[in-house]
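Please treat every number below as a calculation from the coordinates, not as lab data. Since we're looking at a predicted model, the values are computed, not measured. Glycine gets a Cβ as well: all are built from the backbone with ideal geometry, and neighbour counts include every protein chain shown.
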Amino acid sequence: MSKILIAYASTHGHTAKIASRVADVLRADGHVVDVHHDVAASNPSPAGYDAVIAGASIHGGRHQAQVVEWARCHGPSLNMTPSAFFSVCLTAADDTHEARTTTRGYLDDFEERTGWTPRHRTTFPGALQYREYNFATRLIVRVLMKRGNHPTDTRRDYDYTDWGAVEEFARTCAALPRGAAV
Ligand SMILES: Cc1cc2nc3c(=O)[nH]c(=O)nc-3n(C[C@H](O)[C@H](O)[C@H](O)COP(=O)(O)O)c2cc1C
């Protein structure tokens, strides 16, 4: 049984759902999991954990500043701990060379800005959550989606996440502490 930290930020709740699914899989595997959603307030230290997982979503081309700042602050400690990072964005839902380059760029940018090189890193396609957005955000996102030929019916949400891939990622993370002992 290992002690695992999950730290994440979520602007409209989708990254929270992914973090929660990862936590469920880890707990089912017998691990003790601490989940922190407000890292700016709780500033959890990686010390004392057998593995650390962080997650953040992309808004306006950037991950949430609070996770970037937290990872930058704890970078040296994170680099010595078995760790993983997951990013959530909508470009990952597009199967084009340009979208793949942009998606990879988000991960590279995160590593450059934080100095943390997680053992595993991945990106999950996120969700269009029209019903969660305020009026202005709904309007802006709808215009952007229309340009990209994406759904524009703001009465419903659209979930692009491959939940099987999320569970697979969680199982990979479950093996992180064992990897450290080898
Ligand atoms: C205002 C806004 C800006 C966004 N900007 C980007 C972006 O630049 N690139 C991208 O791939 N996805 C972008 N997204 C999509 C989000 O990353 C996606 O909806 C994700 O699921 C949000 O997760 P959260 O609910 O945890 O914040 C944006 C979403 C919103 C609402």
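Each residue in the stretch 123-149 was checked for being part of a strand (DSSP E or B) and either closer than 26 Å to Asp50 by Cα or away from the ligand (no atom under 12 Å from the Cβ) (or both), and 2 pass. Condition first: surrounded by 13 or more Cβ atoms within 10 Å (Cβ to Cβ) and free of Cβ contacts under 8 Å to residues at least 24 places away in the same chain. Can you find one or more residues in the stretch 79-96 that meet it? Within the stretch 79-96, not a single residue is surrounded by 13 or more Cβ atoms within 10 Å (Cβ to Cβ) and free of Cβ contacts under 8 Å to residues at least 24 places away in the same chain. Does Leu176 meet the test of being within 14 Å of the ligand (Cβ to nearest atom) and on the phi < 0 side of the Ramachandran plot? So Leu176 fails the test. A residue that is among the aliphatic types (A, V, I, L, M) and under 25 Å from Asp24 (Cα atoms) can be found somewhere in the stretch 106-125.
The residues of the stretch 30-71 that are closer than 17 Å to Ser20 by Cα, among the acidic types (Asp, Glu) and touching a strand residue (DSSP E or B) at 6+ places or on another chain (Cβ under 7 Å) amount to a single one, Asp34.
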